[in-house]
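J.: Supplied in structure tokens, the structure appears directly below.
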Amino acid sequence: MSHLSKITTQIHDLKILKKALKDLNIDWKIDSNILNGFKATTHVVDLVIEQQNGVDIGFAWNGKEYELIADLQFWQQPWSLEAFLDRLSQSYAYHSIIQETQKQNFKVCHEKNALDGSVSLVVQRWAL
């Protein structure tokens, strides 16, 4: 028997979530907020990631954060669920930091991507 799982994330900003998914080369849509599940089951979500098998993945706001909604038996992404969430979380954190530093008038002066996948940022702000 198949069913949709709700996986809690630390994602709070839909705009940054979209940027993080773009970094992972994952197409998404928001014009339809119906998630198509197995055997024509549906679920209302804020963002849909279509899969080739017709059983889609989505993100839904629960009032506190976005939950990943997926039927894990039909997971069809380039990475395992755990690797997907790790990569998504890292990209989301990167864009969150960039957004917050820009709000405070900092500029990125150096960015380094290490072989282990970590990202090092140096930001600065000139006082007048």
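J.: Picking from LEU88, LEU68, which residue would you name as being open to solvent by less than 50 Å² (accessible area, probe 1.4 Å), closer than 14 Å to ILE16 by Cα, touching a helix residue (DSSP H, G or I) at 6+ places or on another chain (Cβ under 8 Å) and aliphatic (A, V, I, L, M)?
T.: On the way: LEU68 fails: closer than 14 Å to ILE16 by Cα.
When all the criteria are applied, what remains is LEU88.
J.: Separate question: Without any contact (Cβ under 8 Å) to a residue 40 or more places away in the chain and either in a helix (DSSP H, G or I) or closer than 30 Å to ALA127 by Cα (or both), is that true of ALA93? Quick ask: steps written out before the conclusion?
T.: Details: without any contact (Cβ under 8 Å) to a residue 40 or more places away in the chain: yes; either in a helix (DSSP H, G or I) or closer than 30 Å to ALA127 by Cα (or both): yes.
The answer is yes for ALA93.
J.: Here's another thing I want to ask about it. So is GLN77 in contact (Cβ under 8 Å) with a residue 40 or more places away in the chain, surrounded by 12 or more Cβ atoms within 10 Å (Cβ to Cβ) and part of a loop (DSSP other than H, G, I, E, B) or not? Please lay out each step first, then the result.
T.: Values: in contact (Cβ under 8 Å) with a residue 40 or more places away in the chain: yes; surrounded by 12 or more Cβ atoms within 10 Å (Cβ to Cβ): yes; part of a loop (DSSP other than H, G, I, E, B): yes.
It is true that GLN77 is in contact (Cβ under 8 Å) with a residue 40 or more places away in the chain, surrounded by 12 or more Cβ atoms within 10 Å (Cβ to Cβ) and part of a loop (DSSP other than H, G, I, E, B).
J.: Checking the structure you have, find out if any residue of the stretch 3-25 is open to solvent by less than 80 Å² (accessible area, probe 1.4 Å), over 30 Å from VAL122 (Cβ atoms) and in a strand (DSSP E or B). Give the steps one after another, and end with the answer.
T.: Within the stretch 3-25, the first condition is being open to solvent by less than 80 Å² (accessible area, probe 1.4 Å), and the residues that meet it are 4-5, 7, 9, 11, 13-14, 16-18, 20-21, 24.
With over 30 Å from VAL122 (Cβ atoms) added as a condition, the list becomes 4-5, 7.
Subsequent filtering for residues that are in a strand (DSSP E or B) retains 5, 7.
Within the stretch 3-25, one or more residues are open to solvent by less than 80 Å² (accessible area, probe 1.4 Å), over 30 Å from VAL122 (Cβ atoms) and in a strand (DSSP E or B).
J.: Please pick out the residue among GLU82, GLU50 that is surrounded by 11 or more Cβ atoms within 10 Å (Cβ to Cβ) and either among the aromatic types (Phe, Trp, Tyr) or out of contact with any helix residue (DSSP H, G or I) (no Cβ under 9 Å at 6 or more places or on another chain) (or both).
T.: Values: GLU82 fails: surrounded by 11 or more Cβ atoms within 10 Å (Cβ to Cβ).
The match here is GLU50.
J.: Another one. On the basis of being among the aliphatic types (A, V, I, L, M), free of Cβ contacts under 8 Å to residues at least 60 places away in the same chain and open to solvent by 50 Å² or more (accessible area, probe 1.4 Å), does VAL44 make the cut? If you could, list the steps in order and put the result at the bottom.
T.: Working: among the aliphatic types (A, V, I, L, M): yes; free of Cβ contacts under 8 Å to residues at least 60 places away in the same chain: yes; open to solvent by 50 Å² or more (accessible area, probe 1.4 Å): yes.
Answer is yes for this residue.
J.: Can you find even one residue in the stretch 111-119 that is surrounded by 15 or more Cβ atoms within 10 Å (Cβ to Cβ) and either at pLDDT below 95 or charged (D, E, K, R) (or both)?
T.: From the stretch 111-119, those surrounded by 15 or more Cβ atoms within 10 Å (Cβ to Cβ) are none; that's our starting set.
The answer is no; no qualifying residue exists.
J.: Something else about it: Give just the number: which of (1) over 13 Å from the mean Cα position of the chain (by Cα); (2) farther than 17 Å from THR8 by Cβ; (3) free of Cβ contacts under 8 Å to residues at least 60 places away in the same chain does ASN25 not satisfy?
T.: Failed condition: (1).
The values are calculated or read from the model by the stated rules, or taken from the named source; none is laboratory data. No experiment lies behind these values; they were computed from the predicted model shown. Counting neighbours? That spans all protein chains shown, and the Cβs are built from the backbone with ideal geometry, glycine included. SASA here: full protein model, heavy atoms, side chains in, ligands and nucleic acids out. Shrake-Rupley method; radii C 1.70, N 1.55, O 1.52, S 1.80 Å.
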